Amino acid sequence: MGEPMIRSSMTRRQFGARVLRAGWWSLALTGIAAAWASVRFFWPRTSYTPPTRFLAGRPEDYGPGEVSLRYLESHRVWVVRGDGGIFAIVARCSHLGCRPNWFAEERRFKCPCHGSNFDAEGRVIAGPAPRPLKRAAVSLTPEGQILVDSADQAEHADAVRDPSFLVPLAEGPRRPSAEAHGRARDEGAAASEASFSGHRWKGDLA
C-alpha cells in the first residue's frame with residue numbers, strides 16, 4: 001500500500017529538482033545575454049572608414065614636382081604637383097592592390113609586393129603591373145581649397161583627358177616679351193625727344 005505513495009513522492013522531488021535546474025539555467029542565460037549586450041555596446045561591430053571627400057590645402061602649398069605624403073595614411077592617395085597642375089594618385093598597385101612606396105631620390109613609386117615601378121605621373125616603368133596607377137578626382141572650391149574625392153577614380157589614360165582629375169595652376173603675372181619691351185623703350189625715347197624739342201622751340205621764341 002505504501003509503495004505507490006513513495007513513488008509519487010519521489011516523482012514530485014524529481015519534478016521540483018528539474019524546475020530548480022531550469023530556473024538556474026534561465027538565470028545563467030539571462031546573465032550571459034546581458035554580458036554580451038554590454039560587450040557589443042562598448043565594442044561596436046562597425047569599423048571606422050575615413051570620408052572619401054577631403055580638403056588637401058591650396059595649390060600654392062605644393063612645390064614644383066612635389067609628391068605629397070600628407071594624405072597617404074588617412075586617405076591612401078598622393079597629391080602631386082605636375083607641370084600642368086595638381087592631381088591625386090590612388091596608392092594602390094594595379095597588379096594586386098598593394099600600396100607602393102614613393103622614393104623621392106629616384107622619382108618613382110615602387111611596389112614592395114612584386115616589384116612594379118611607376119613614375120611620378122603613375123605610369124608603369126617596370127612590371128608586372130599591367131596598367132598605370134589610377135587617379136582620384138580633384139577640384140577647386142570657391143575658397144581656393146583643393147577638394148579630393150577618392151571614391152571617384154579613373155584610369156590614367158582617361159584621367160589625363162578629363163578636367164575633373166586636374167586642378168590647373170593659376171597663371172602669375174606675365175613678363176613682357178623682348179619685342180614689347182623694345183617697343184615701350186622706343187615709345188619712351190620718342191616721347192622724351194618730343195618733349196625736349198618742344199622746350200627748345202619755346203626757348204627760341206623767347
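Where a number appears in this text, it was derived from the coordinates with a stated rule and is not lab data. Since the model is a prediction, treat every value here as computed from it, not as a measurement. Note: ideal-geometry Cβ built from the backbone for every residue, glycine included; neighbour counts use all protein chains shown.
Across the range 65-83, the residues whose backbone nitrogen lies under 20 Å from the label position 7 Å along the beta-carbon direction of residue 158 are 77-78. For residue 125, the amide hydrogen comes within under 5 Å of the amide hydrogens of 117, 118, 119, counting only partners 5 or more places away or on other chains and with H modelled in the peptide plane.
Taking packing as the residue-averaged number of other Cβ atoms within 10 angstrom, the listed peptides 58-70, 108-120 run from highest to lowest as 108-120, 58-70.
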